[in-house]
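Every number in this text was worked out from the coordinates using simple rules, so none of it is lab data. Everything numeric in this text was worked out from a predicted model, so none of it was measured. When we count neighbours, we look across all protein chains shown, and the Cβ atoms used for this are built from the backbone with ideal geometry, even at glycine.
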Amino acid sequence: MKITFCCTDTSADAWLAGLRAALPGADVTLWQPGAPQADYAVVWAPPQQFLDEQPLLKALFNIGAGVDALLKLKLPPQTQVVRLDDAGMSVQMAEYVCHAVIRHFRELDGYEADMARGKWSFRKPHSRMEFPVGILGLGVLGERVAKAVAQFDFPVNGWSRTPKMLAGVQCFAGAGQLDAFLQASRVLVCLLPLTGETRDILNHRHLSQLRPGGYVINVARGAHLVDDDLLALLNSGHLAGATLDVFRTEPLPPTHAFWQHPKIVLTPHTSARTLRTESIAQIAGKIAAMQRGEPVAGRVDT
Ligand SMILES: NC(=O)c1ccc[n+]([C@@H]2O[C@H](COP(=O)([O-])OP(=O)(O)OC[C@H]3O[C@@H](n4cnc5c(N)ncnc54)[C@H](OP(=O)(O)O)[C@@H]3O)[C@@H](O)[C@H]2O)c1
């Protein structure tokens with residue numbers, strides 16, 4: 001069995017060593033143009049040339065949660081695209097979002113600034129009931145985030161494409177309930193996949209429906225957010241702030257208005273990193289299952 005590794009912006013050595021250790025019978029190599037045909041591929045943002053030269057792959061394992069970049073390419077028709085189910089990402093996303101919500105709710109930025117100036121003073125506590133948190137997308141990551149936020153007794157709303165029932169979460173579904181979901185939320189967390197339907201979903205019409213003092217946390221993809229609409233609503237005062245981890249252009253261009261905005265907290269697309277050890281174990285398990293002819297979780301419709 002041949003496995004080829006083609007991951008842009010990833011140091012290959014540790015992945016290759018890990019995959020060889022987890023699949024001792026396999027021939028695991030780093031892809032180079034002109035390399036022989038493999039049975040399976042482990043990829044992140046591969047070039048189209050890779051797919052054109054590997055038409056007989058049984059499966060492509062995408063090592064990040066988002067498959068939007070991969071689905072823009074022309075894929076071999078019989079190749080299954082398989083994503084990691086979780087592999088340690090959802091707990092990272094839950095801690096990132098809870099941190100962002102609590103940092104805003106408890107005004108920790110303000111306290112840090114006060115203390116840095118030697119000022120000892122108290123701010124009036126907010127009521128949790130006035131901070132309903134809405135999670136756009138209740139998939140692998142969104143569901144974990146919704147449950148984690150609910151642990152802190154915030155009211156939690158969730159929105160998905162198809163109806164869902166989650167304990168402790170008021171669930172909304174489909175385009176028909178999106179406005180009601182937004183109007184019921186003050187903090188909005190985006191955890192949608194990037195598709196034709198969800199691109200630009202964080203726009204003026206939708207963000208202006210959040211309760212006054214709204215707060216936006218985008219941890220999905222930069223193209224969900226219309227940057228100028230967010231800036232307009234922050235500057236008008238309807239929105240109180242935003243935490244952004246993902247951007248239309250990454251790295252965020254040096255002249256972008258987000259860098260200097262006093263109401264925006266930025267991180268460099270780091271809210272949920274691919275963890276190598278967990279990912280390799282999961283890929284090895286899925287390859288072994290496919291070799292036995294068993295179905296695997298995480299197959300993506302292409
Ligand atoms: N910032 C980072 O470091 C980082 C790391 C990992 C992932 N991400 C991003 O996080 C996002 C969420 O990932 P995930 O793995 O949780 O996604 P997922 O499991 O595919 O879940 C997607 C959720 O969105 C809902 N949804 C609503 N409209 C949809 C539409 N038009 N098409 C498809 N789904 C729609 C789905 O509803 P149904 O359940 O009804 O289908 C589902 O609840 C992705 O954008 C991913 O790229 C970011």
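Before moving on, here are some points about what is shown:
- Test set (1) closer than 30 Å to ALA289 by Cα; (2) crowded, with 21+ Cβ neighbours inside 10 Å; (3) in contact (Cβ under 8 Å) with a residue 60 or more places away in the chain - HIS104 fails condition number: (1)
- Pick from segment 192-234, criterion hydroxyl-bearing (Ser, Thr, Tyr) and buried (at least 19 other Cβ atoms within 10 Å of the Cβ), ranking: farthest from the ligand (Cβ to nearest atom): TYR215
- Output for segment 235-273, where each listed residue is within 13 Å of the chain's Cα centre (by Cα) and either surrounded by 18 or more Cβ atoms within 10 Å (Cβ to Cβ) or under 16 Å from ASN203 (Cα atoms) (or both): LEU244, ASP245, VAL246, PHE247, SER271, ALA272
- Filter pass, SER90 being exposed (fewer than 13 other Cβ atoms within 10 Å of the Cβ) and either on the phi < 0 side of the Ramachandran plot or of a type in the set (Phe, Trp, Tyr) (or both): no
- Residue tally, condition of a type in the set (A, V, I, L, M, F, W, C), surrounded by fewer than 16 Cβ atoms within 10 Å (Cβ to Cβ) and within 15 Å of the ligand (Cβ to nearest atom), over segment 153-179: 2
- Considering segment 186-302, the qualifying helices (runs of 4 or more DSSP H), each wholly inside and each with 1 or more residues that are touching a residue at least 40 places away in the same chain (Cβ under 8 Å), run over 276-291.
- Breaking point among (1) without any contact (Cβ under 8 Å) to a residue 40 or more places away in the chain; (2) within 16 Å of the ligand (Cβ to nearest atom); (3) of a type outside the set (A, V, I, L, M), for TYR111: (2)
- Candidates are the residues of segment 1-58 that are under 27 Å from the mean Cα position of the chain (by Cα) and of a type in the set (Ser, Thr, Tyr); the one that is nearest to VAL82 (Cα to Cα) is TYR40.
- Members of segment 20-76 that are among the acidic types (Asp, Glu), more than 27 Å from GLN92 (Cα to Cα) and surrounded by 14 or more Cβ atoms within 10 Å (Cβ to Cβ): ASP39, GLU53
- Of the residues making up segment 1-57, those that are assigned to a strand (DSSP E or B), of a type outside the set (A, V, I, L, M) and either in contact with a Phe, Trp or Tyr (Cβ under 8 Å, 6 or more places away or on another chain) or on the phi > 0 side of the Ramachandran plot (or both) are LYS2, THR4, PHE5, CYS6, CYS7, THR29, TYR40.
- Within segment 60-71, residues that are farther than 7 Å from ARG83 by Cα reach partners that are within 8 Å of the ligand (Cβ to nearest atom) and assigned to a strand (DSSP E or B) with beta carbons closer than 6 Å, at six or more positions or on different chains, in the pairs VAL67/ARG83.
- Note on segment 58-73: among residues that are part of a loop (DSSP other than H, G, I, E, B) and more than 18 Å from THR10 (Cα to Cα), the one that is farthest from the ligand (Cβ to nearest atom) is LYS58.
- Test for LEU141: is it assigned to a loop (DSSP other than H, G, I, E, B), touching a residue at least 12 places away in the same chain (Cβ under 8 Å) and within 13 Å of the ligand (Cβ to nearest atom): no
- Set ASP109, ASP114, ASP85: member being under 17 Å from the mean Cα position of the chain (by Cα) and surrounded by 14 or more Cβ atoms within 10 Å (Cβ to Cβ): ASP85
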